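Worksheet: the structure to be examined is printed underneath.
The values are calculated or read from the model by the stated rules, or taken from the named source; none is laboratory data. Here the structure is a predicted model, which means the values were calculated and not measured. When we count neighbours, we look across all protein chains shown, and the Cβ atoms used for this are built from the backbone with ideal geometry, even at glycine. For accessibility, only protein heavy atoms count, side chains too; no ligands or nucleic acids. Shrake-Rupley method; radii C 1.70, N 1.55, O 1.52, S 1.80 Å.
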Amino acid sequence: MKIDFIELRHIRMRLVAPFETSFGVELDRDCVILILRGEGLTGWGECVAGMSPGYSYETTMTAWHVLTDFFVPAIVGSEIVTVEDLRDRLRVFKGHPLARAGLEMAFWDLLAQAAGKPLATALGGVRKTVPVGVSVGIQKDAELLVDTIGQFIDQGYDRIKIKIKPGRDVDDVQAVRRAFPDLKLQVDANSAYTIEDATSIEALDDYDLLLIEQPLAEDDLIDHSRLQARLKTAICLDESILSVRHARQAVEIDACRIINIKPGRVGGLSEAMAIHNLCLESNIPVWCGGMLETGIGRASNVAIASLPGFTLPGDISASDRYYVEDIADPPFVLNPDSTLDVPTKPGLGVEVLGDRLDRVTLRREAFRA
Ligand code: OSB
Ligand code: MG
């Protein structure tokens, strides 16, 4: 397929509530939307790099730079047949997985539309609905945290993840566990601890958590392996896994027993599938993480979460948990059994609303063959 047009949009969307993690508070969500045209079809992608380098070194602005100056010129006007072709053209460039993944998502959307298949089917998905939970940011105090979680449970979510950081860990977990003794509960530290202060992590071992996500540094596997050996609870890696190679090495040294797969973080849906396949063979449960995506990225996440190895609930909540008004339609709505429906239309299976997209666009740039 010849890619004859690519457009980038830097957008900013106001979150329904501020989202606080160990690396800061976000009131708005910035990202780059990618629009690819070929064979009369339009594919949509979302690059999930945010405003600050708090989660990854990439930001909306570095992604803009790398996409406009390198990745897009390597693709626009070219005849690209498979996703492997696309990846080959970008192989000369190092790093920047979030930028890479946004481009790949738009190309997958194009390919799936050309084949007349939903993205989930194109990826090898097997589920019609996917189990989901909600990721709850750090709240003012434990009481407000318990209230907030209560509201999400009332809405129908049956798995909750809470963000933790040093000083806001065991007391918060204890309060939540007291209030909800049977809740499927997990925590995410976003790499806020070191092996030296791991006693705070060990203190979480007796609260029947599903997993402890990314306690230590984003570039570490070895200390995670040492920590895992001291815990009953499974460590789940997020930031530390950027490729199938990292996943293999992490499993080999028992640095984690569960992996959070985010297609953005690992450079795209293909690498995400490779990690899924490795984990399925190695009996490592996986789940789909989230980056507060718009309906475009959410559609992609729901599609990959329909693969057989995604047995744990994803951080893929309903659209109204993030935004008052999403740019894609229809919105994702929570089913009573804490699942989301996998779209059945070709490609991502959602329609992007042009006027809403225009309203949130800060900057745009178009490239023609
Ligand atoms: O670590 O999983 C994370 C959001 C932004 C950056 C990192 C993370 C998150 C979340 C939100 O936890 C998950 C969601 O999109 O609901
Ligand atoms: Mg995480």
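Structural remarks
- DSSP beta bridge pairing in the chain, given as percent antiparallel to the nearest 5: 65
- In the context of the full set of protein chains, residues of the stretch 1-155 present 40 Å² of accessible surface per residue (probe radius 1.4 Å, heavy atoms only).
- Surface composition of the chain: carbon and sulfur atoms hold 52% of the protein heavy-atom accessible area at a 1.4 Å probe.
- Cleavage-rule hits, trypsin sites (Lys or Arg not before Pro), the stretch 111-194, DSSP coil, Cβ neighbours within 10 Å at most 12: LYS128, LYS140
- Rounded to the nearest whole Hz, the Karplus-based 3J(HN,Hα) values (6.51 cos²θ - 1.76 cosθ + 1.60, θ = phi - 60°) of the stretch 92-104 follow the sequence 5, 9, 8, x, 6, x, 5, 5, 4, 5, x, 5, 5, with x at glycine and proline.
- Comparing GLY354, GLY264, GLY38 in a Gaussian network model of the chain, where Cα atoms under 10 Å apart are tied by springs, the biggest mean-square fluctuation is seen for GLY354.
- Computed Kirkwood radius, in angstrom, where 1/r is averaged over Cα pairs of the chain: 20.5
- For the stretch 121-341, a/c is not less than 1.5, where a ≥ b ≥ c are the root eigenvalues of the C-alpha gyration tensor, and a/b does not top b/c. That puts it in the oblate class.
- For the stretch 156-204 and the stretch 317-346, distance of Cα centres in Å: 27
- The stretch 307-316 - phi-based ³J(HN,Hα) in whole Hz, Karplus 6.51/-1.76/1.60, Gly and Pro as x: 6, x, x, 7, 8, 9, x, x, 7, 10
- Mean projection area, nm², convex hull over Cα of the stretch 56-191: 11.6
- Taken over the stretch 121-341, lysine pairs spaced eight or more positions apart, or on distinct chains, with alpha carbons under 24 Å apart number 18.
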